[in-house]
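Working notes, beginning with the structure itself.
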Amino acid sequence: MHSPADINAIPAANGTARPPVRVIAVASGKGGVGKTSVSVNLAMALVHAGQRTLLLDTDLGLANVDVMLGLSPQFTLADVFAGRCELQDTLLEGPRGLWVVPAASGKRHMTELLPQQHIGLVHAFCQLDLPLDAMVVDNAAGISDSVLTFCQAAQDVIVVVCDEPASVTDAYALIKVLSRERGVTRVQVLANQVNNAIEGKQLFEKLERVSARFLDVTLHYLGAVPRDEWLRRAIQRQEAVVEAFPGCPSALAFRDIARRANSWQSPVGPRGGVEFFMERLVAHGASAASTNDPLRSAVA
Ligand SMILES: Nc1ncnc2c1ncn2[C@@H]1O[C@H](COP(=O)(O)OP(=O)(O)O)[C@@H](O)[C@H]1O
Ligand SMILES: [Mg+2]
């Protein structure tokens, strides 16, 4: 059994302390609202802003970060869990040095990580020892234990919402469980595919009203990304829109959002690297873990 304290025993490979990595989880409740588009473009915009960034795809059901970036992974996170490779074998270098860990390709049955797999991921990440400033975690749709755990472990959660009743109710359901069951007190709301700025603000206010009434969580409005044909074209070209069409409306919005994300208070912690994030993952998963080889305990 691993405990959060076990992580303390894992030294950074170069033995030096680094500031904790800023970890941002992107989630939405409902599928198809734009989590992956937001994750890819936020990560890329952070790279443009000089942040050494890793984009982690955790959607083992419908993984598509690699597809959106035109990358061809030889191995994915699913292969790591199946014992076919090490985490470092999955690392891809994307545009401008963005690091990408792809999730899986078409493993529809592998949509949920077991708690012990989270712990295995912790150890694997600690051993990677990449010099990073930021990590963006793209999540699956829904409110599975895995999604909640990644959100809980991150310093900031971006909940993506669009102007559809199901998107708003699913976003609220996600925020509710994060707040009530996972102790998340701060959520960033991003309105995607909006027709105008007012629509985005109204979407936020709708969520904010009901959250303020029933939940103990503070919602911040991160801003809106317009519905943008250029973004669809960029997806067709398998590029981030901030790379392919940097002057288009959605690219400008993503840059703005990255700027705001950069101004969030930096995480504070005694250790450097991704350990900060990983500790928090482990703190949740430890109680349920029971194997000595957690990463490979549940083979795909
Ligand atoms: N701002 C936007 N403007 C236009 N189309 C968008 C926008 N955001 C998302 N889309 C469309 O929605 C589809 C689903 O987006 P995606 O990021 O894959 O959602 P999710 O990861 O939440 O399932 C994309 O393929 C794209 O066609
Ligand atoms: Mg997605």
Response to the item:
The answer for residue 218, listing residues at least 5 apart or on another chain whose modeled amide H is closer than 5 Å to its amide H, is 186, 187
Worksheet item: Which whole-Hz couplings ³J(HN,Hα) result when phi for each residue of the range 160-171 is put into the Karplus expression 6.51 cos²θ - 1.76 cosθ + 1.60, θ = phi - 60°, listed in order with x for Gly and Pro?
Response: 8, 9, 10, 7, 9, x, 5, 5, 5, 5, 5, 5
Discussion item. So for each of 174-184, 38-48, 247-257, 130-140 I average, over its residues, the number of other beta carbons within 10 Å; can you give me the resulting order with the highest mean first?
Written reply: 38-48, 130-140, 247-257, 174-184
Worksheet, complete the sentence: Phi-derived 3J(HN,Hα) across the range 183-192 with the Karplus relation (6.51, -1.76, 1.60, θ = phi - 60°), rounded Hz, x for Gly and Pro, is x, 6, 10, 9, 10, 9, 9, 10, 8, 10
Worksheet item: Amide H of residue 94: which non-local residues (sequence gap of 5 or more, or other chain) have their own amide H closer than 5 Å, using H built in the peptide plane?
Response: 99, 100
Fill in: 5 angstrom amide H check on residue 156, placed H, neighbours 5+ away
23, 25
Worksheet item: Using 1/(1 + (r/R0)^6) with R0 = 35 angstrom and r between the beta carbons of residue 145 and residue 49, what's the FRET efficiency to the nearest 0.05?
Response: 0.60
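Determine, from the Cβ-Cβ distance of residue 71 and residue 130 and an R0 of 22 Å, the FRET efficiency 1/(1 + (r/R0)^6), rounded to the nearest 0.05.
Numbers: r = 17 Å, r/R0 = 0.77.
After rounding, the FRET efficiency stands at 0.85.
Based on the mean of other beta carbon atoms within 10 Å per residue, what is the order of 69-82, 49-62, most packed first?
Numbers: 69-82: 19.1, 49-62: 21.8.
Per-residue mean Cβ counts within 10 Å order the peptides as 49-62, 69-82.
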Response to the item:
Phi angles of the range 66-73, converted by Karplus (6.51 cos²θ - 1.76 cosθ + 1.60, θ = phi - 60°) into ³J(HN,Hα) in whole Hz with x for Gly and Pro, give 5, 5, 4, 9, x, 9, 10, x
Worksheet item: Could you give the nm distance between label points at residue 186 and residue 84, where each point is 7 Å from its Cα heading toward the beta carbon?
Response: 4.0
Item to complete: Kindly state, to the nearest 0.05, the FRET efficiency for residue 196 paired with residue 91, given R0 = 35 Å and r defined as their beta-carbon distance.
Response: 0.30
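FYI, it's all coordinate maths here, none of it is from the lab. Everything quoted here is computed from the prediction, not taken from an experiment. Because the Cβ atoms are built from the backbone with ideal geometry, glycine has one as well, and the counts that use them run over all protein chains shown.
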